[in-house]
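The structure under discussion appears below in the form of structure tokens.
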């Protein structure tokens, strides 16, 4: 099985749309900017990538174009989780064939009440068995209303082709419980920048962070400060970034993240309907928050 | 705009699979049986139809085959809700072209926190504007974690191409609130057989009921009894059916519904993974419940 | 064990306060008015009675005064549930000694995660064992975040001194599940007027209804209509009352109920802090709703 | 207004019962042991002290006895939150008169839906205005289902007699949001040992920790290590303590905490009903966890 080095910061990149279509030039423009910041790689078709709004064909083309636009020093991780096992396997294999280095697989969730440990164990095992590239579990109860138990992650961490987990709960206790039970070569990635410092201090090797779309250098700075044992400075920067991250995730969502990208020199653009773009009032509030955090000058 | 008569009982039919593929002969077999019971029509690709596990191509073919197998006296309602507005519109139009009489459109839900009234209003309006067939709203918080407000339903009920709502909360208070605010020609359908009697008594014109997959005659009997003002008898049959309905929905889910179908002479078969089939122990419990309700002889 | 006839409508009466003290004259004034409406009895120190804001001494005195002010044809049911078993038993015995005919005992709930079936079984059994008067279970997850299971209610219904349950979920499916499993002499009372019609149709013998504080005759009318088999009329009145009931429960709470009482000739007054009284804007909205329901003239 | 130094570790002490009565000798025995460990003080009548099961008279006596048994170098903080404003004020004043150094005031919660920012602002302001001793806010949604917003805490932190907050969510993001908005002299205390390290690293000055009842030295060690900048060691000890803390809080609750106390040389005893004591099976599981964490020898 291929190995993968997940130490570092990854933005779950937004998917740019122009006139309702995926806009590949704007994608390449953003990747060009991100590639100069020290990011370890990109996660494509995550929750911030509006993956649920992309057709099967769009998903393949998006991976193809992203791989082509991404320099060799960066990893491309494809979000390949679908509701059905067979569709997830097919997409994972296709993305591997198109050059993705790993696959991030969200918990199936429509029939949440039936996604018990046995069902999720069978699901992730089947996907990992059939994938030519390493699998990362993706736990994001905010969207899925399903939470993977530490016991199940421990079991899955034994699988040679399951390399780690992105946990987006922001719950450092849960990360601690995971750290206690997983295999040594199983990597923990935190899925929200608001908990980055605490998560790294607790043993996470990196993060997949919406905030890294707009503030990659600040995310990396926290990462480096913790690695260097400069906790007091890390804490200060973490506290400064919390309001920004809460804004572009919990408060204003993907539309807010895209609005912030537009303000900061990236291409953000509008989300796909039914997501509504940020209103002018919301944009004004986001701008204030960016200014206060010194990401934008007044 | 075409009109549609929704008075009656509709099973949200299960999708039969053999060797992992949609099994059209078994589908036709089931439809043949249902067609002799007095059901008003069939709902295809609802939650009990495992619609989230069907590919875009499978969905089109399933509608085509269902329309072909269904006698003229019955309606075919297609579940066409997808996460994105554009995909929902495309599927709705295709299903209309393939002969579906109406479309049941679930609330988008992945970004549940952002599916506020404005977003849902824009969504359902866009879908209804572009649909050649009547639209039914589909409210099923158990799976979507989104609940359509009475205020929004009232607004949407003004749209000439939105014909009604399937509400699966089982909450008769909510149904009453809807009855108070919607247009006179907007139809309320209850989405769970456990609340059928109460919902009909409150003004619902019919039901889309998982239970109607296995006990269509009992569902119809309750419907007729209420129409005839025989409330005491309706109540008795309702109470008798509650344990069965709870079993094939809340307790054992779609796998349990399919297991019960196999026991009762329909083709049920296995669900698609990651849904796990009912265990032998669960099947035995289901059998007991069917026997107790006199749907199956000892 | 004493028997009790729970067939009928009971308001869970509000507790009047003047200058922060329980106001017994105003209490007697309200009881005098209620006593002429046909209500079966009064529930004192329920959720609408702000029981959690009354001291141990106030509770005894309130029962004493209520019993004194209530005519013989009406029952007095005392809300005696406390968090600890011993305090509940002591209060129940004291209320019995002061003339209460039955006790309504809410599920303990602070340690909700530990209030499993075994704990609740032991609790209610101990209370019933030590009570000289019949016990009614009180299930109100909206406030307690604990829901009594049908299985547990079935067990408790065997106890000779547990006479029934007030279920305030408004969930007629749950009421149906209870109806299927409890002893024949165990009475089901619905705890919200918005579900009164559906609950009575399902087999409830009566209701403990916040709405009966302000619209006792309308609640009784629904009750009589269902008893007489006049379901269509019952439904119409039910639909008319839903907006009022939602207003004085879910939307505006106890302060709103008290404001409505003031508008309708009862003494409502202010709630105890930390509950805030209704604002002028809220009162104006409540007035509109009362006018629309023809409880108040324009 | 008196000032208070909250830097350090506080156990929210359990209340010992013998034959159903508060057992003051056992209380003094425990306090004697705790007093030799370096703990900054004791919190009495918190959630782990089963405060909801104590009568008004028991609460006064418990504070009196605790103050008498506690050496001068330790603080005594009294949990004085009741549902009503007036009862909370009365208890707070009485506890102050009995020698408590500060009061921990939980959010009122029975009418959770109405405990909005305005209601909680008025409540805490009234309590702080009338208290002779500093007030600590107590946020514990796990039990109360109410979460104090950062905005409200910021407002309340301006009050000269509100000294800090105990936040038991274990959510370091929320702690970070608080750190960003409160007054400089407002202290943040974390309310769960599983998040102690992360919380201290984020700026908390100490913790009120169930775990400190049984492992005071380990809690203090984490506290000291973080203060000394030894983050790697702090993390290791934190990870080792998480399974113990989860056991005596989330998994086995107060009964489990008391069982662990009995195993570790403190007096634990049984909880008051309706809390059930730990079963033998549960005790055996707790013992295993204590052994694995090297708090108990094999």
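Side notes on the structure shown:
- At R0 = 41 Å, FRET efficiency that the Cβ-Cβ distance of residue D:228 and residue D:18 yields, to 0.05: 0.50
- Rotationally averaged projected area of the stretch B:43-96 (alpha carbon convex hull; nm²): 3.5 nm²
- Shielding of C:169-181 by partner chains, average beta-carbon count, 10 Å: 6
- Once Rg and the Kirkwood radius are both taken over the C-alpha atoms of the stretch D:144-298, their ratio Rg/Rh works out to 1.02.
- The chain C residue nearest the rotation axis shared with chain B, using its Cβ and rounding the distance to whole Å, is C:198, 2.
- Across the identical copies, the label point of residue A:291 (7 Å from Cα in the Cβ direction) is separated from its matches by 4.5, 6.4, 7.5 nm, in order from shortest.
- Taking 7 Å steps out from each Cα toward its Cβ at residue C:279 and residue A:68 produces label points 5.7 nm apart.
- Here the simple spin-label model places points 7 Å from the Cα toward Cβ, and for residue C:58 and residue B:130 these points are separated by 5.9 nm.
- Inter-chain neighbour count for A:80-87: the average number of beta-carbon atoms from partner chains within 10 Å of each residue's beta-carbon is 5.
- Mean projected area of the Cα convex hull of the stretch A:208-298, taken over all directions, amounts to 6.0 nm².
- What separates the residue D:229 label point from its copies, with the point 7 Å along Cα to Cβ, is 0.8, 8.8, 8.8 nm, written shortest first.
- Packing-based ranking, highest mean first, of B:97-106, B:190-199, D:57-66, A:166-175 given that Cβ atoms within 10 Å are counted: B:190-199, A:166-175, B:97-106, D:57-66
- The ellipsoid equivalent to the alpha-carbon distribution of chain C has semi-axes of 27, 23, 18 angstrom, derived from the gyration tensor eigenvalues as √(5λ) and listed largest first.
- Computed packing ranks the peptides D:278-287, D:26-35 as D:26-35, D:278-287, most packed first, by mean other Cβ atoms within 10 Å.
- Peptide A:270-282, shielding by other chains (average Cβ, 10 Å cutoff): 4
- For the protein assembly as shown, the antiparallel share of DSSP beta bridges with both residues in that region comes to about 5%.
- Put simply, the Cα atoms of the protein assembly as shown extend 79, 74, 60 Å along their principal axes, the longest span coming first.
- DSSP-defined antiparallel bridges as percent of all bridges, the stretch D:8-230, nearest 5: 5 percent
- Of all DSSP-defined beta bridges confined to the stretch B:1-112, some 20% are antiparallel rather than parallel.
- Counting Cα-Cα pairs of the stretch C:1-109 in 5 Å increments starting at 0 gives whole-percent bin shares of 2, 12, 25, 26, 19, 11, 3, 0, 0.
- Every helix of 4 or more DSSP H residues in chain A counts as -39500 (n - 2.57), and over all residues that averages to -13500 deg cm²/dmol at 222 nm.
- Each copy carries residue D:55; placing its label point 7 Å along the C-beta direction from Cα gives inter-copy distances of 1.4, 7.3, 7.4 nm, listed from smallest up.
- For the stretch B:40-117 and the stretch C:117-195, distance of Cα centres in Å: 42 Å
- Relative contact order [Cα under 8 Å, 6+ residues apart], the stretch D:8-230, whole percent: 20 percent
Bear in mind that the values in this text are calculations on the coordinates, not laboratory data. Predicted model only: the values in this text are computed from it and were never measured. Note that we place each Cβ from the backbone using ideal geometry, even for glycine, and neighbour counts take in every protein chain shown.
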